[in-house]
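J.: Once you've had a glance at the structure underneath, I'll fire off some questions.
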Ligand SMILES: [Zn+2]
């Protein structure tokens, strides 16, 4: 969420605290014998922050049906850090790891001067297409949309702009992106309205029409811990205006409108949608620790139970629409998440009764494209006292871009990071990999967590090893955040273990036992569609089991 979207509000009241069922292939062209198992369209559904843990805890029948009836990946995991929205949406549709993708995390060092003077530090989740497209082009790889726009139009829908522009790529004449503006005033109210790239006329509309949503809301979120990142409008939550619902329903309504309208010469070949509701609730209320009814002034709509139910229903609506139109067999559907959610039982952020104070926990430094975040949490203060932080981003890991990158000053900062609360290890970037420069605090980890750390920590940290990435990374244990009540970003299983499910497209219901990662989704899609890649990707192209094979 960008600075211009933020609402800093003091408040007086001190409130502390399916459907994957395979339809008869009526639409399969008769002239090609293999057509029934060769899809030519792709739908990607990203449920923001949907960890396997969340799917397991909450009732999500449509998601579970896809896992059962489609090709599930029980050993699948995200496979990179930063395990954050602004990174993964671009990993999914590029097949590139963060270290080759142009940015690795919420912080970015503009080493090559793509956006301004070389060396400038930026917050990537503030990027719109004007900033993200140059970075994508500079890194040189194509997106899935660049392949799919040869056979149709490609649409991306996301209430979160930086997720939309990552999923879509820089775009062409045949791509369309639908997201939200930061604010409009009309009819005496503040709203957000659709914006993006080539927004279809049936989605664009006058003041107050379907795809406008209201701003200036509070619900039950202006209290700890939700007010660290509260719901101030109906962008991520569904809201209380039946005619102008936001969040997941907004996005899915747009997807169904696209499916209905884009036929014949204007037919769609790709639809990528990101559903933001689960992420918002998980950040605000601590993921699977959401207190639900115990919340003062409880409004179900902002909480995880409702958010998971809503996201699940939208997955069902999309699958039903594909089935009803006879397109399910010719459409490869991917259901996944951009990261999971770590419940911050060990919380090292600071709290002030001002909305959005979480930003001061997330960021320290003076980035080129935002305000000076100069109120670091107490836990980070020793590192701030070195005077050498250019930018830091702290979530369920700590990531630091130093001003002075000389070996002595890097060593100084690393030594301080080792002493910060709950740090399990400190990692220093050395060219194309990270070197662990501290001991490992096994005493801070539990049994299965130790095993995960031993197997995956280095691999996951190394995916950020680029000169535009952080100089130092500190890993944190399970259930630990420095930012908001529920967060992501690190190597924890709760952050990394996400669903990666393939359905439709004539697939069988056999699971893939491989450790499929987000970066493997793009090459796997291309392989399944029979499209030869024009650029080497980091991901592995898996062959998905189809019916009859
Ligand atoms: Zn996300």
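Readers should treat all values here as calculations from the given coordinates under stated rules, not as data from a laboratory. What you see is a predicted model, and the numbers here were worked out from it, not measured in a lab. When we count neighbours, we look across all protein chains shown, and the Cβ atoms used for this are built from the backbone with ideal geometry, even at glycine.
J.: Could you grab the relative contact order for region 151-194? Cα pairs under 8 Å, six or more apart, rounded to a whole percent.
T.: 35
J.: Then there's this: How high is the relative contact order of region 42-110, in percent, counting Cα pairs under 8 Å that sit 6 or more residues apart?
T.: Numbers: 29 pairs, mean separation 16.4, N = 69.
Averaging sequence separation for qualifying contacts and normalising by length gives 24 percent for region 42-110.
J.: Determine the relative contact order of region 193-325: mean sequence separation of Cα pairs under 8 Å and six or more apart, normalised by residue count, in whole percent. Before the final figure, lay out each step's value.
T.: Details: 169 pairs, mean separation 29.6, N = 133.
22 percent.
J.: Report, in whole Å, the centroid distance computed from the Cα atoms of region 241-302 and region 480-549.
T.: Result: 22 Å between the Cα centres.
J.: Still on this structure, I have one more. Going by how many other beta carbons lie within 10 Å of each one, how would you line up 81, 386, fewest first?
T.: Details: 81 32, 386 17.
Placing the least packed residue first, the sequence is 386, 81.
J.: Then there's this: Within region 341-368, what residues put their amide N at less than 16 Å from the label point 7 Å along the Cα-to-Cβ vector of residue 409?
T.: Residues passing the 16 Å test: 365-367.
J.: Shape call for region 338-483 from the C-alpha gyration tensor, a ≥ b ≥ c root eigenvalues: rounded (a/c under 1.5), prolate (a/b greater than b/c) or oblate?
T.: Numbers: a/c = 1.62, a/b = 1.11, b/c = 1.46.
Taking the square roots of the gyration eigenvalues as a ≥ b ≥ c, region 338-483 is oblate.
J.: If you rank 249, 500 by fewest surrounding Cβ atoms within 10 Å, what's the result? It would help to have the intermediate numbers written out before the result.
T.: Numbers: 249 20, 500 27.
If I rank by nearby Cβ atoms, fewest first, I get 249, 500.
J.: Compactness ratio of the chain: Cα Rg over 2.2 N^0.38 Å, N = residue count?
T.: On the way: Rg = 22.1 Å, N = 549, 2.2 N^0.38 = 24.2 Å.
Relative to the 2.2 N^0.38 Å estimate, the chain comes out at 0.91.
J.: Here is a follow-up. Among 260-268, 458-466, 410-418, how do they line up by average Cβ neighbours within 10 Å per residue, starting with the highest? Please report the intermediate quantities before stating the final value.
T.: Values: 260-268: 12.6, 458-466: 21.7, 410-418: 18.4.
Going by the mean number of other Cβ atoms within 10 Å, highest first, we get 458-466, 410-418, 260-268.
J.: Moving on. So how much slack lies between residue 372 and residue 441, counting 0.36 nm per residue of separation and subtracting their Cα-Cα distance, in nm? List each step's numbers first, then the result.
T.: Numbers: separation 69, 0.36 × 69 = 24.84 nm, distance 3.29 nm.
Extra length from residue 372 to residue 441 when fully extended: 21.6 nm.
J.: Would you compute, from DSSP H runs of 4+ residues alone, the mean residue ellipticity of the chain at 222 nm, taking -39500 (n - 2.57) per run and dividing by the full residue count, rounded to the nearest 500?
T.: On the way: 16 runs with 148 residues, N = 549.
Counting only the DSSP helices, I get -7500 deg cm²/dmol.
J.: Grab the beta carbon distance between residue 266 and residue 531, set R0 = 35 Å, and tell me the FRET efficiency rounded to 0.05.
T.: 0.95
J.: Give me the one-decimal nm value for the distance between modelled label points at residue 190 and residue 207, 7 Å along each residue's Cα-to-Cβ direction.
T.: Simple spin-label model gives 1.7 nm for this pair.
J.: Among DSSP bridges having both ends in the chain, what percentage is antiparallel? Round to the nearest 5. Spell out each step's value before the answer.
T.: Values: 46 of 69 bridges.
Around 65 percent of the beta bridges assigned by DSSP in the chain are antiparallel ones.
J.: A further question on this structure: Please give the length that would be gained between residue 451 and residue 150 if that part of the chain were fully extended, namely 0.36 nm times their separation in residues minus their C-alpha to C-alpha distance (nm, one decimal).
T.: Numbers: separation 301, 0.36 × 301 = 108.36 nm, distance 4.51 nm.
Working it through step by step, the gained length comes to 103.9 nm.
J.: Which number comes out as Rg/Rh for region 365-449 once both Rg and the Kirkwood Rh are worked out on C-alpha atoms?
T.: Details: Rg = 13.6 Å, Rh = 13.9 Å.
My calculation of the ratio gives 0.98.
J.: Still on this structure, please answer the following. For a quick check: sort 542, 122 by the number of other beta carbons within 10 angstrom, fewest at the front.
T.: The fewest-first ordering by Cβ neighbours comes to 542, 122.
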